[in-house]
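One structure coming up, written as structure tokens, with questions to follow.
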Amino acid sequence: MSLNGEHDWRSQRIASDGRAQTLPAEVDILIAGGGITGAGIALEAARAGYRVLLAEQKDFAWGSSSRSSKLVHGGLRYLKEGQWKLTRDSVRERQRLLNEAPGLVQPQSFAFSHYRGKGPSRWLFALGLAIYDKMAGSHARHQYNQTEYRWLAPHIRAEGLDGGMCYLDAKTDDVRLVLRVLQEARGLGAVCRNYLKVQHLLYDGDQVCGAALCGADSEDIVEVRAKIVINACGAWSDQLRKVLPDTQKLRPLRGSHLLFPAWRLPVAQAVSLMHPDDGRPVFLYPWEGVTLVGTTDLDHQESADQEPRISKQEVDYLMRALQWQFPSLALTTADVLSCYAGVRPVVDDGHADPSQVSRDHVLWQENGLLTVTGGKLTTFRLIAKEALDSLSDVLPLPDAAVGHERLFSPLNEINTPTGIPADLWQRLCGYYGNAVRDILNMRCNVPEAFVAGTQILWSELVWCARHESVHHLDDLLLRRTRYGLILPQGGEAHLSVLRGLCQTALGWDDQRWQHEQQRYLAIWREAYQLPAVSLQNS
């Protein structure tokens, strides 16, 4: 292996976004897709000793894996739908992630209100939570009367309230989870590249034997041979399968979210409720210093290549739930900081109601192409292992397997720095692993350590700009950090400071910076700001 942790394979070079990338000419496994599914497979495959190349056509986690509900959970509602195995696997993986990734995956208490004549009965909900806890091997549920419950969840509707229950799940920053998994995969020799697109598949007879790859904004094409190609493209999976029979198997479903300042929608813990219109579950919880509200569930009819956007109907739907649950806060759309929408790669099983479609994952082997799609953020490790197990007949295990089962390598011994709160230190360690020391040692010529109104260190932004394959400004501000989600107007007011810190680190001249800033603000206004009609009607 080479000094940078990657195999010394016969290599070839390709241009991408003005940069030269070195790619192997032949691998064991070529993975198309750099979301959580592709990243998980890359890690498990590298751990098993395979030669791995992962290619993501946009940015890492650009699709569903940056636009999820940020929850690492068992899926309590799946019990009602009879998906027992999915729930059991999910709660066990949740516990594993809580144990192995503190700071990155954090426990989150949920409060569920009981209203007379609405939602599931108290005893039925208690039974579901008892099963949930039994599967997780814990006892985290508690029941409260009306007075006790209103202390836990202030501002909620008092009319008809008959107490409530609390239970435990977990939350994460979904992109940082993907990036930590990729960090581990690279450390074991996997080559992982963003802005590298599968132009078309290569064939030996009728069998897939590799792919032609092209860089972003480049006409360069290189061919990489592979013993197996894995399609982990999420909502784009059918596009890669378009040359095969029975192509259309996915049903893209959109889930949209709103973010509010914590002072305007204050919640000490997550609140889960049944929507007053249709009884669907809606939740809100504290995340990255703001309050996140979600989610919707409807068929997504637009192109998967466009930034998904929340619709006015979805805004109205979520606002009605909030206004019903928190009438005293008098919330309007003018209070919304930002919004985002994600497209779930759900397998079409014929259900008319999108909320009834199974969230379990599926695997298809078709002429040497293995498609892995569906599933949940929480169970990515199990999905990756199942995908590799399915290849045992065509891809024997090499002798170079790494003999440990921990998801992440242990952190080097680092004492908590003086002056940094324990929760912030745990977050930094969880988000960046052993790179945390470099971030803390970085000196930034700004009077304050933090971006105003956030928990983001200016040094985080600079480190990410230098070391985390940032090609565009939106990579840095919407994914490497959540700067654009948690600041008013996408953080436009701080961009001049950001430029002084990050322009050199990114290697951009003034013209490129101006172009990237305009591009970022256009994306933010198009996909992360409320539709204009929603603001007009607030």
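The values are calculated or read from the model by the stated rules, or taken from the named source; none is laboratory data. Owing to the predicted nature of the structure, the values given are computational and were not obtained by experimental measurement. Note that each Cβ is placed from the backbone with ideal geometry, even for glycine, and that neighbours are counted across all protein chains shown. Accessible surface areas use protein heavy atoms only, side chains included; no ligands, DNA or RNA. Shrake-Rupley method; radii C 1.70, N 1.55, O 1.52, S 1.80 Å.
Yes or no, residue by residue, for (1) out of contact with any helix residue (DSSP H, G or I) (no Cβ under 7 Å at 6 or more places or on another chain); (2) open to solvent by 10 Å² or more (accessible area, probe 1.4 Å); (3) at pLDDT 90 or above:
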{"position": "Pro24", "(1), (2), (3)": "yes, no, yes"}
{"position": "Ile29", "(1), (2), (3)": "no, no, yes"}
{"position": "Thr37", "(1), (2), (3)": "no, yes, yes"}
{"position": "Ala42", "(1), (2), (3)": "no, no, yes"}
{"position": "Ala45", "(1), (2), (3)": "no, no, yes"}
{"position": "Ala55", "(1), (2), (3)": "yes, no, yes"}
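Would you check if Asn231 is more than 25 Å from Arg157 (Cβ to Cβ), at pLDDT 90 or above, of a type in the set (S, T, N, Q) and touching a helix residue (DSSP H, G or I) at 6+ places or on another chain (Cβ under 7 Å)?
Judged against the criteria, Asn231 is a match.
Let me ask another. Which members of segment 191-203 meet the condition of being touching a Lys or Arg at 6+ places or on another chain (Cβ under 9 Å) and touching a residue at least 60 places away in the same chain (Cβ under 8 Å)?
Val191, Cys192, Asn194, Tyr195, Lys197
Another question about this same structure. Limited to segment 428-451, what total is found for residues that are of a type in the set (Gly, Ala, Ser) and either open to solvent by 30 Å² or more (accessible area, probe 1.4 Å) or in contact with a Ser or Thr (Cβ under 7 Å, 6 or more places away or on another chain) (or both)?
1
Something else about it: Go through segment 487-503 and give me each residue that's open to solvent by less than 10 Å² (accessible area, probe 1.4 Å) and part of a helix (DSSP H, G or I).
Gly490, Gly491, Leu495, Leu498, Cys502
Residues are listed down the side, and each one gets a yes or a no for (1) closer than 17 Å to Gly164 by Cβ; (2) buried (at least 20 other Cβ atoms within 10 Å of the Cβ); (3) more than 25 Å from the chain's Cα centre (by Cα):
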| position | (1), (2), (3) |
| --- | --- |
| Val72 | no, yes, no |
| Thr87 | no, yes, no |
| Arg92 | no, no, no |
| Arg96 | no, no, no |
| Glu100 | no, no, no |
| Ser109 | yes, no, no |
| His114 | yes, yes, yes |
| Trp123 | yes, no, yes |
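Among Gln306, Gln323, which is surrounded by fewer than 18 Cβ atoms within 10 Å (Cβ to Cβ), free of Cβ contacts under 8 Å to residues at least 12 places away in the same chain and either under 22 Å from Cys166 (Cα atoms) or in contact with a Lys or Arg (Cβ under 8 Å, 6 or more places away or on another chain) (or both)?
Gln323
For segment 470-519, name all the residues that are free of Cβ contacts under 8 Å to residues at least 12 places away in the same chain and of a type in the set (Asp, Glu).
The answer is Asp509, Asp510.
Still on this structure, please answer the following. Looking only at segment 141-154, which residues are more than 20 Å from Ser121 (Cβ to Cβ), buried (at least 16 other Cβ atoms within 10 Å of the Cβ) and not aliphatic (A, V, I, L, M)?
Arg150
Let me ask you something else. Hey, any hits in segment 461-474 for a residue that's under 16 Å from Tyr340 (Cα atoms), in a helix (DSSP H, G or I) and touching a Lys or Arg at 6+ places or on another chain (Cβ under 9 Å)?
Checking segment 461-474: at least one residue is under 16 Å from Tyr340 (Cα atoms), in a helix (DSSP H, G or I) and touching a Lys or Arg at 6+ places or on another chain (Cβ under 9 Å).
Which residues, counting only those in segment 88-143, are polar (S, T, N, Q) and closer than 30 Å to Leu407 by Cβ?
Ser90, Gln95, Asn99, Gln106, Gln108, Ser109, Ser138
Here's another thing I want to ask about it. Looking at segment 1-14, which of the residues that are open to solvent by less than 40 Å² (accessible area, probe 1.4 Å) and under 25 Å from Val175 (Cα atoms) is modelled with the lowest pLDDT?
Of everything passing the filter in segment 1-14, Gly5 is modelled with the lowest pLDDT.
For segment 277-294, which positions are surrounded by fewer than 16 Cβ atoms within 10 Å (Cβ to Cβ) and in contact with a Phe, Trp or Tyr (Cβ under 8 Å, 6 or more places away or on another chain)?
Result: Asp277, single match.
Can I ask one more? Tell me whether segment 390-398 contains one or more residues that are modelled with pLDDT of 80 or more and small (Gly, Ala, Ser).
Yes: one or more hits.
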